[in-house]
Amino acid sequence: MSATPSHPDVLPSELRFLAGGGRATDLILERDWTDHPLGVPAGWPDTLKSTLSMVLNSPESLILAWGRDELTFFFNECYFPILGPRLPWAMGAPFRTVWSDAWEQAKPIIDEAFAGRSQRFMDLPWKLDTDRGPADTWFSFSYSRVLDPQGEVAGLFVLTNETTQRVLADAALKRSQAAAQVDAERVQLALGAGAIVGTWFWDIPNDKFTADEPFARAFGLDPALGRHGIPLADVVATVHPDDQAGLAAAIGAAIAKGGAYSHQYRVRRADGAYHWIEANGRVDRAPDGSPLRFPGVLIDLNERRAIESERDTAIAALRTLNETLEQRVAERTAELMQAEDKLRQAQKMEAVGQLTGGLAHDFNNLLTGIMGNLELLQFQMARGRQQDIDRYVGAAREAGRRAAALTQRLLAFSRRQTLDPKPTDVTLLIAGLEDLLRRTVGGTAQIDIVEAAGLWAANIDAGQLENALLNLCINARDAMPDGGGITIETANIQLDELAAREHELPAGAYLSICVADTGCGMSPETLRRAFEPFYTTKPTGQGTGLGLSMIYGFARQSGGQVHIVSEVDRGTRVTMLLPRHSGAIAQVEPVQDTCDVHGAAGQTVLVVDDEPSIRQLVHEFLSDTGYRVIDAVDGPSALKLLEAGTEICLLITDVGLPNGMNGRQLADAARALTPGLKVLFITGYAESVAVRSGQLDDGMEVLTKPFSMQGLSVKIAQMI
């Protein structure tokens, strides 16, 4: 861009106020002012012309912002470097457009200047777009008003200079001075503490080694020689022979590469004793790269080395102690583990003794009743007497029934009972049980049932749930000898992850069944042991101590939980949580308590059990009712009968069979030969192989041992 148009002899008379502006004048002349609010330059106000002429001819970096509202932006050549990428288009543009990235910071300053409160700023930081992109910059500037002949504010006159380089240089200088001050303080501290014990200067080209008096004493040298200078070899001569080779290599490496040097070695003092020191220095080079100077300081390491030696000795002793300690701890731990094993075994034997003792006590009573009544029956029949036979038989059967119930409670506690879970409407179950509960509790206790609207179904063994509710109501009645209230309350519960962990259950949907009473409550000790088998607070002979343990086992085996809240004299609240069943509930037709079973002519039942007495009993009972009965002692022999073409209408099999095939495997194999074959499992123990995924297949049922012939007849009536 030529500066020729700015010469006064070239410019027309009406534009000579632009003379002397150089390239800034060129930018004004090159712009099209036709549609600009100011119009063409020849028609600008005299105040603008005179002020702009001063700006263009100033050797300082100046801005003229003209107009109270428009703030048209003018600048001189000295201002060019500040504009950066804005330079080609900034002349005559609005101030706000030129400095849009700094407008929020500049606007308050401009407003103050227009109000007559001009200010001067030194090294003010700005975040601006530059040729290098957004950057932190600093400026010193002042804003002054420009008045027209009437005294009105016509614009702003701005003197500005970028001070970024100076500010950054000052900051670097301050950091350098601060670092130098820190280094100086460190040297003073080191000297004061006695860490630095001498300094040296080695003129390498002339091999002249000078040192201060402390250095000379450290090396056992004459201080006068150290002041005047001696060859390096005379200094190294006092170094310990074992360290001289290493020192020579370290000095050679420092001279070869230049820069910092540090090395530790031993020197002989005037008294002949060797002393540990550390030499730290720096090799300075001439402009041609040759080694020139080698100054440095000497640090006394003897005391530190002594401390390090003591430390190493202490560490070695501590390591030995730790090794010995680990051995002692291992031995002590082994002793404690052995003691814990003995204690655990003793506790286990105590629990087994408590369990077997309670079990033996109750079973001995029941067996005495069975054996004694059978013996009296045999005695009476041997003498041909018929009176009281029914009474003896009834008493023996009642004792057997109670023994079976005791076994079921043991299995429930151990979670080994055979459950027959089915989708169950708990609301209907409780409603059907209500009369029995009220008769059992008697007139001294009031029962209130609070049913949740829309209670979910549960996949449970309905009979076991009825037994659990009956036991809880009996316990509640016994806890209120003077009468009180029992509340049975149901609810739908959704357990999140936190609540589920507290209940030791998976998160999900559950039914809550709560039985609460207003009785005497439990002490903390009783509450802690409430679920223990055979633990009871009732007098001897009035309880087995298996009621709550049976309920606990039933709930856990069903995939749920049970917990108790109780306080002395404030009652007890027992809550069972049972998993929700989301599917439909099948409608089951009621079956009469007594059935007269008669087998259809030609129908064949296969009975499989490895216990001869049970196999013979079922065989005779079914034969008497009209069935054709065949039996087998195990799965393989039963399967041979089926493979031979024997047609059967019902398979009755024990679950736990010998010789490699259990009852469920036999049932599956039999159904493969005869699809849809009905199967009745008889078992005295929980067999997970029979009930897969908590539910039997269609056409399969379970009957728990011991069972009565009447119970067998009812189950067969349900199936066929």
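The values are calculated or read from the model by the stated rules, or taken from the named source; none is laboratory data. Everything numeric in this text was worked out from a predicted model, so none of it was measured. For neighbour counting, all protein chains shown are included, and Cβ atoms are generated from backbone atoms with ideal geometry for every residue, glycine included. Surface accessibility is based on the protein's heavy atoms, side chains included, excluding ligands, DNA and RNA. Shrake-Rupley method; radii C 1.70, N 1.55, O 1.52, S 1.80 Å.
Descriptive notes on the structure:
- Full extension of the segment from Asp35 to Lys257, taken as 0.36 nm per residue of separation minus the current Cα-Cα distance, would add 72.9 nm.
- Simple spin-label estimate for His240 and Glu398 in nanometres, 7 Å along Cα-Cβ: 10.4
- Between Arg217 and Ala431, the contour length at 0.36 nm per residue exceeds the Cα-Cα span by 66.2 nm.
- Ranked by how many other beta carbons lie within 10 Å on average, peptides 554-563, 92-101 from highest: 554-563, 92-101
- Over 18 Å apart at the Cα level, from the set Lys640/Lys715; Lys49/Lys107; Lys422/Lys715, are Lys640/Lys715; Lys49/Lys107.
- In a fully extended conformation the segment linking Ser144 and Gln338 would gain 60.3 nm over its present Cα-Cα distance, using 0.36 nm per residue.
- Largest-first ellipsoid semi-axes for the stretch 46-86, taking √(5λ) over the Cα gyration tensor eigenvalues, angstrom: 18, 14, 6
- Label-to-label distance, Arg528 versus Ala507, with points set 7 angstrom from Cα along the beta-carbon direction: 3.3 nm.
- Accessible surface, the stretch 454-495, averaged per residue in Å² (probe 1.4 Å): 37
- Remark: spin-label model distance Gln264-Arg285 equals 3.0 nm, labels positioned 7 Å along the Cα→Cβ axis.
- FRET efficiency estimate (nearest 0.05) - Cβ-Cβ, Met54 to Arg117, R0 22 angstrom: 0.45
- Rounded to the nearest 20 debye, the dipole size of the stretch 199-321 about its Cα centre is 220 debye, using +1 on the Cβ of Lys and Arg and -1 on the Cβ of Asp and Glu.
- When nucleic acids and ligands are ignored and a 1.4 Å probe is applied, Glu504 ends up with an accessible area of around 130 Å².
- The share of accessible area on the stretch 7-97 that comes from carbon and sulfur is 52 percent, using a 1.4 angstrom probe.
- Accessible heavy-atom area order of Asp569, Asp425, highest first, probe of 1.4 Å: Asp569, Asp425
- Estimated Rh, the stretch 1-153: Kirkwood, alpha-carbon pairs, angstrom: 16.4
- Placing His228, His36 in order of accessible area, with the largest value first and a 1.4 Å probe, yields His228, His36.
- Highest-first packing order for the peptide set 153-166, 326-339, 237-250 is 153-166, 237-250, 326-339, based on the mean count of other beta carbon atoms within 10 Å.
- At a probe radius of 1.4 angstrom, the accessible area of the stretch 103-172 per residue rounds to 58 square angstrom.
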